[in-house]
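A.B. asks: One structure follows; several queries about it will come next.
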Amino acid sequence: MNCIIVDDEPLAREGMELNVEDVPFLNLVGQFGTALAANDFLMRKEVDLMFLDIQMPGITGLDYLKTLKNPPLVILSTAYPQYALDGFELDVVDYLVKPVRMERFLKAVNKAKALYDLHKPKITQNEVVEVEQEFMYLKADRKYIRVFFKDIKYIKGMKDYVMLYTQENKKIMTAMNIKTIHKQLPPSIFARVNKSYLININYIDEVEIDFIQLSGEEIPLGRTYKEAFIQNYIKGNLIGRK
């Protein structure tokens, strides 16, 4: 889900950004200090979810929300809980009181994701589904390298760079963050398992409580990512008693 943060406090925006980075299905596409700056962006870009502060200079978050004909999903944030009722009358998804705790943030965005999935178009059997490509090109060492998805064991994120580890024990570093490369990979075989790692599920040996054994290497399994990983990649292939 593409999301934006609208808050006049830099520290509040930074804290919200850190929370967003920990949630696999959220993709931060912008952050703004005023509602007017956010409005220009909303006119030009597709946004699925907006984290909106209430008390801001110029125009408040609630007054700005009233001007939008087709707003994205909205989660309000403020230090003043007395505005909660006004927010829900505007059909916001949830209301977060600062400072925002991670467990409360996760509850709010999970609610937003459920609403988003409920309303997004479903692919029918009669629609043509694009066949997944088997490889991609990466720019590294002043050249373009073709990498087959099946050969990638896992990917480690290092802020503005990622390192790819292949089955031939090769390492390829390229300038890209982990969220960006995740969007280029087929979701049927690549899973985000913590803030810094993507894995190819075909190389999994064992899944334990806090880590994954992957071709003899131990990859940490993050708390925020665990439930979605188990649900999407493990339960469908789990054999047990009927």
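Values in this text are rule-based calculations from the coordinates and carry no lab data. These figures come from a predicted structure and were not determined experimentally. Methodologically, a virtual Cβ is constructed for each residue, glycine included, from the backbone with ideal geometry; neighbour enumeration extends over all protein chains shown.
A.B. asks: When a/c reaches 1.5 or more, the comparison of a/b and b/c decides; with that in mind, is the stretch 1-56 rounded, prolate or oblate per its Cα gyration tensor?
C.D. replies: oblate
A.B. asks: Find out how many positive minus negative residues lie around Leu214, taking Lys and Arg as positive, Asp and Glu as negative, among other residues whose Cβ is under 13 Å from that of Leu214.
C.D. replies: So the surrounding residues net to -3.
A.B. asks: Take the residue pairs Lys159/Lys183; Lys150/Lys226; Lys150/Lys170; Lys113/Lys156; Lys107/Lys195; Lys113/Lys179 and return only those whose Cα atoms are more than 20 Å apart.
C.D. replies: With Cα atoms farther than 20 Å apart: Lys150/Lys226; Lys113/Lys156.
A.B. asks: Now a separate question. With the convex hull built on the Cα atoms of the stretch 38-83, state its orientation-averaged projected area in nm².
C.D. replies: One quarter of the hull surface, i.e. the mean projection, equals 3.4 nm².
A.B. asks: Identify all aspartates and glutamates with a Cα-Cα distance to Lys171 below 16 Å; exclude those on the same chain that are fewer than 8 residues away in sequence.
C.D. replies: List returned: Asp141, Asp151, Glu217.
A.B. asks: Normalised by the residues of the chain, what does the relative contact order come to in percent, with Cα pairs under 8 Å and at least six apart?
C.D. replies: 11 percent
A.B. asks: I'd like to compare 51-60, 109-118: which one has the highest average count of other Cβ atoms within 10 Å, and what's the full order after that?
C.D. replies: Ranked by mean Cβ neighbours within 10 Å, highest first: 51-60, 109-118.
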